[in-house]
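Here is the structure we will look at.
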Amino acid sequence: MICKHLPLHDKAILGLVKSLLLPYARITQPDVKLDLKALRKRLRGCATYVYIRGGRKVCGFIAIRQDKNVMYVDMLAVDRTIQGHGIGSALLKHAERYGQQKGKQEIYLWVDDTNTQAQRFYTAKGYESIHYDASIRCYMLRKSLHVLQAQESQWSMGY
């Protein structure tokens with residue numbers, strides 16, 4: 001079940017970030033550190049949603065940030081032990097719909113060049129690489145939310 005992030009979820013989110021995202025960030029920023037206070041500060045500017053499994057266990061989350069006509073996926077992580085079960089897809093679809101509801105035209109995200117699993121995931125979801133930043137070794141990916149709207153219209157008409 002996807003629900004709005006609450007402060008009681010912060011420790012679980014921190015654990016996911018430390019185990020799944022920070023190892024990639026440390027390739028270009030070896031001294032990067034993250035504690036609960038820094039995480040809360042980063043999430044403050046985001047709409048954050050968690051995926052709850054088994055009644056209380058946070059097994060994934062997505063943090064999204066708004067800017068004028070676009071949205072940014074700031075962070076997305078799913079517990080390694082249950083990846084491949086559609087949780088990341090559900091969280092990403094939730095973020096895309098959120099962006100549409102807010103009237104955003106596009107959604108962007110950064111993915112590390114060594115995180116080939118994430119690159120394949122986003123590409124399969126219709127994201128395209130539009131820029132590479134060698135200084136941080138990350139690709140910027142983009143997806144038009146108009147494409148998503150057109151696909152959903154076709155599905156609702158039975159195509």
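The values are calculated or read from the model by the stated rules, or taken from the named source; none is laboratory data. Everything numeric in this text was worked out from a predicted model, so none of it was measured. Neighbour counts are summed over all protein chains in view; Cβ atoms, including those assigned to glycine, are modelled from backbone coordinates with ideal geometry.
For SER89, the criteria (1) surrounded by fewer than 16 Cβ atoms within 10 Å (Cβ to Cβ); (2) modelled with pLDDT of 95 or more; (3) more than 20 Å from LEU20 (Cβ to Cβ) hold in every case but one, which is (3). Of all residues in the stretch 1-40, how many are loosely packed, with under 11 Cβ neighbours inside 10 Å and closer than 16 Å to VAL73 by Cα? Within the stretch 1-40, residues that are loosely packed, with under 11 Cβ neighbours inside 10 Å and closer than 16 Å to VAL73 by Cα number 1.
Against the numbered list (1) farther than 23 Å from GLN100 by Cβ; (2) not in a strand (DSSP E or B), LEU43 comes up short only at (1). For the stretch 118-129, the tally of residues that are touching a residue at least 24 places away in the same chain (Cβ under 8 Å) and surrounded by fewer than 17 Cβ atoms within 10 Å (Cβ to Cβ) stands at 1.
Checked against the criterion of being out of contact with any Phe, Trp or Tyr (no Cβ under 6 Å at 6 or more places or on another chain), in contact (Cβ under 8 Å) with a residue 12 or more places away in the chain and crowded, with 21+ Cβ neighbours inside 10 Å, the candidates GLU96, GLU106 yield just one match: GLU96.
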